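These notes concern the structure reproduced below.
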Amino acid sequence: MTNGETAGIVEVKYKAYENDLDKLERKMKNFKKLFPIYKEYKLYGAIASFHVNNDAKNQALKSGFFCVATQRGKLMHTECAEQLRVL
């Protein structure tokens with residue numbers, strides 16, 4: 001998703017674990033090389049899942065991913081990092 005100067009990369013999983021954060025990290029690092037049209041954009045990362053392992057959630061927020069989104073009943077619950085990491 002983009003808005004003209006920033007892009008968000010969201011890793012979507014049924015169940016998310018810590019190793020999925022490594023995959024997201026890799027995708028974010030290679031994104032501007034693979035899609036040079038976005039080379040001047042600020043990149044933010046997020047993870048969305050029906051279930052996020054607590055260790056993965058804590059690591060994602062600590063690492064500065066902008067959002068961890070999970071399902072709670074019929075609603076979507078989001079937690080955002082206090083300190084965002086921008087690539």
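Using the structure shown, decide if Lys33 is over 11 Å from the mean Cα position of the chain (by Cα) and part of a helix (DSSP H, G or I). Answer is yes for this residue. Tell me the residue from Lys15, Lys23, Lys33, Lys39 that is surrounded by fewer than 18 Cβ atoms within 10 Å (Cβ to Cβ), in contact (Cβ under 8 Å) with a residue 24 or more places away in the chain and either aliphatic (A, V, I, L, M) or farther than 15 Å from Ala81 by Cα (or both), please. Only one candidate qualifies: Lys15. Scanning the stretch 52-78 for residues that are of a type outside the set (A, V, I, L, M), farther than 15 Å from Asp22 by Cα and loosely packed, with under 14 Cβ neighbours inside 10 Å returns Asn54, Gln71, Arg72, Gly73, Lys74, His77, Thr78.
Within the stretch 36-87, the set of residues being hydrophobic (A, V, I, L, M, F, W, C) and assigned to a helix (DSSP H, G or I) comprises Ile37, Ala56, Ala60, Leu61.
Just so you know, all these numbers are worked out from the coordinates, no wet-lab data involved. Bear in mind that the values here come from a model prediction, so they are computed numbers and not experimental data. Cβ atoms come from the backbone with ideal geometry, glycine included; neighbour counts cover every protein chain shown.
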